[in-house]
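Peer 1: Got a structure for you, questions after.
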Amino acid sequence: MGVLNVTPDSFSDGGSYASVESAVDHAVQMIDDGACIIDVGGASTRPGAARVGVDEQIARTVPVIQQLGRRRDVLISIDTTSSVVAEAALKAGAEIINDVSAGRDDERMFTLAAERGCGLVLMHRLTSPQHDAYSDQYVHDPMYEDVVETVCEFLGERCETAISLGVDHNAITVDPGLGFGKSIEQNFLLIQRMQEIVRMGFPVLSAASRKSFIGAATTVSTPSERVIGSTAVSVAHWLCGIRLFRVHDVAAHREALAVAAAIRPATQTD
């Protein structure tokens, strides 16, 4: 899953793909590099990001989705917590909703996903971006009795709710939300115990690319330069059974994961 932020303020590449043409060209390059899905987002979810209205999100994302659909045959996901934005994106050609609020920001999201029969990614986060901080900048670490158990319980409840509202079990993917409301240590604990999330029975999305906890481990402060650390997390995730990866640097991950697959084929997960 290649990350396509059509935003001015994303933590790593904000403003880089502000025009429809530059965004589509970058998406095509990611497809050529090996991406099977392009995840289009019109509102940053970085800590401290301001809310973006639905009209602005639609204006940023829908033209890109439409143009990309004309250029390449590829799965497109819409990164949004708004059912209004998601519906516009689905009409434009998207087939997956990537909701970092797991349906908590907009109660209509699950019924929309059920009605449209689309894919649905549900992520754990402790709080909204407006009230969050980067993993390496907490004054006091987020409070969890056990972060892994909390994430599993939350995702299990959200999946059950989605299914009760008509979403197909097989349409759901879960995302533990690395970097969202977790300290450096809590992120690495989640990675160490990721098999507990894999055993929930839903596909798991690995989404660690360029995040601050990786920079804390590698001392690389510039997000765009955290490629090696990001691929290391993806390889660790592959070896514990994860098969979906949301990344900025597609070519590097494709190569790293090809080696991981040679070590442990996709059919071997234990």
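The values are calculated or read from the model by the stated rules, or taken from the named source; none is laboratory data. Quick caveat: nothing in here was measured; it's all calculated off a predicted structure. Here the Cβ is made from the backbone with ideal geometry for all residues, glycine too, and neighbour counts use every protein chain on show.
Peer 1: What is the one condition in (1) within 23 Å of His248 (Cβ to Cβ); (2) among the hydrophobic types (A, V, I, L, M, F, W, C); (3) not in a loop (DSSP other than H, G, I, E, B) that Val148 does not satisfy?
Peer 2: (1)
Peer 1: Considering only residues that are in a loop (DSSP other than H, G, I, E, B) and either modelled with pLDDT of 95 or more or of a type in the set (Gly, Ala, Ser) (or both), which ones fall in the stretch 240-263?
Peer 2: Step one: list which residues in the stretch 240-263 are in a loop (DSSP other than H, G, I, E, B), which gives 240-243, 246, 248-249.
Within the stretch 240-263, Gly241, Ile242, Arg243, Arg246, His248, Asp249 meet the criteria.
Peer 1: Right, here's the next one. Return a yes/no flag: does the stretch 86-97 have any residue that is on the phi > 0 side of the Ramachandran plot and crowded, with 20+ Cβ neighbours inside 10 Å.
Peer 2: Step one: filter the stretch 86-97 for residues on the phi > 0 side of the Ramachandran plot, giving 93.
Right, trim to crowded, with 20+ Cβ neighbours inside 10 Å and you get none.
Checked against the condition, which is being on the phi > 0 side of the Ramachandran plot and crowded, with 20+ Cβ neighbours inside 10 Å, the stretch 86-97 yields no hits at all.
Peer 1: Identify all residues within the stretch 139-150 that are surrounded by 16 or more Cβ atoms within 10 Å (Cβ to Cβ) and over 20 Å from the mean Cα position of the chain (by Cα); write none if there are none. First the steps, then the outcome.
Peer 2: Taking the stretch 139-150 and keeping what is surrounded by 16 or more Cβ atoms within 10 Å (Cβ to Cβ), we get 142, 144, 147-148, 150.
Result: Pro142, Tyr144.
Peer 1: Going by the structure shown, is Asp99 among the acidic types (Asp, Glu) and either in contact (Cβ under 8 Å) with a residue 60 or more places away in the chain or closer than 26 Å to Gly179 by Cβ (or both)? Can you show your working first?
Peer 2: Details: among the acidic types (Asp, Glu): yes; either in contact (Cβ under 8 Å) with a residue 60 or more places away in the chain or closer than 26 Å to Gly179 by Cβ (or both): yes.
So Asp99 passes the test.
Peer 1: Among the β-branched types (Val, Ile, Thr), surrounded by 20 or more Cβ atoms within 10 Å (Cβ to Cβ) and out of contact with any Phe, Trp or Tyr (no Cβ under 8 Å at 6 or more places or on another chain), is that true of Val250?
Peer 2: Values: among the β-branched types (Val, Ile, Thr): yes; surrounded by 20 or more Cβ atoms within 10 Å (Cβ to Cβ): yes; out of contact with any Phe, Trp or Tyr (no Cβ under 8 Å at 6 or more places or on another chain): yes.
Yes; evaluated as a whole, the condition is true for this residue.
Peer 1: Also, quick follow-up: Out of the stretch 176-220, which residues are touching a His at 6+ places or on another chain (Cβ under 7 Å), farther than 17 Å from Thr127 by Cβ, in contact (Cβ under 8 Å) with a residue 60 or more places away in the chain and small (Gly, Ala, Ser)?
Peer 2: Hit for the stretch 176-220 is Ser209, nothing else.
Peer 1: Any idea how many residues of the stretch 102-120 are within 21 Å of Phe180 (Cβ to Cβ) and aliphatic (A, V, I, L, M)?
Peer 2: Filtering the stretch 102-120 down to residues within 21 Å of Phe180 (Cβ to Cβ) leaves 102-107, 109-110, 113, 119-120.
From the residues that got through so far, the ones that are aliphatic (A, V, I, L, M) too are 102, 109, 113, 120.
Residues flagged as within 21 Å of Phe180 (Cβ to Cβ) and aliphatic (A, V, I, L, M) within the stretch 102-120 amount to 4.
Peer 1: Say we look at the stretch 185-235 and pick out the residues that are part of a helix (DSSP H, G or I) and of a type in the set (Ser, Thr, Tyr); which of these is farthest from the chain's Cα centre (by Cα)? Write out each step before concluding.
Peer 2: In the first step, residues of the stretch 185-235 are kept if they are part of a helix (DSSP H, G or I); the result is 185-192, 194-198, 212-218, 223-225, 227-235.
Still in the running and of a type in the set (Ser, Thr, Tyr): 212, 218, 224, 230-231, 234.
Details: Ser212: 15, Thr218: 22, Ser224: 17, Ser230: 14, Thr231: 15, Ser234: 13 Å.
For the stretch 185-235, the residue satisfying everything is Thr218.
Peer 1: Of all residues in the stretch 151-178, count the ones that are assigned to a loop (DSSP other than H, G, I, E, B) and crowded, with 20+ Cβ neighbours inside 10 Å. Give the steps one after another, and end with the answer.
Peer 2: Pass one, the stretch 151-178, residues assigned to a loop (DSSP other than H, G, I, E, B): 165-168, 176-178.
Still in the running and crowded, with 20+ Cβ neighbours inside 10 Å: 167, 176-178.
Selection size over the stretch 151-178: 4.
Peer 1: Hey, another quick one. Any residue in the stretch 50-57 that is in contact with a Pro (Cβ under 9 Å, 6 or more places away or on another chain) and either more than 23 Å from Ser206 (Cα to Cα) or in contact (Cβ under 8 Å) with a residue 24 or more places away in the chain (or both)?
Peer 2: In the first step, residues of the stretch 50-57 are kept if they are in contact with a Pro (Cβ under 9 Å, 6 or more places away or on another chain); the result is 50-51.
Retained after the next criterion (residues that are either more than 23 Å from Ser206 (Cα to Cα) or in contact (Cβ under 8 Å) with a residue 24 or more places away in the chain (or both)): 50-51.
Scanning the stretch 50-57 turns up at least one residue that is in contact with a Pro (Cβ under 9 Å, 6 or more places away or on another chain) and either more than 23 Å from Ser206 (Cα to Cα) or in contact (Cβ under 8 Å) with a residue 24 or more places away in the chain (or both).
Peer 1: Can you find, within the stretch 98-113, the residue that is surrounded by the fewest Cβ atoms within 10 Å (Cβ to Cβ) among those that are of a type in the set (Asp, Glu) and under 16 Å from Val52 (Cα atoms)? Steps first, answer last, please.
Peer 2: First pass over the stretch 98-113, keeping only residues of a type in the set (Asp, Glu): 99, 105-107.
From what's left, under 16 Å from Val52 (Cα atoms): 99, 105-106.
Working: Asp99: 27, Asp105: 14, Asp106: 18.
This residue is Asp105.
Peer 1: Of (1) within 15 Å of the chain's Cα centre (by Cα); (2) more than 21 Å from Lys211 (Cα to Cα), Val100 satisfies all except one. Which?
Peer 2: For Val100, the exception is condition (2).
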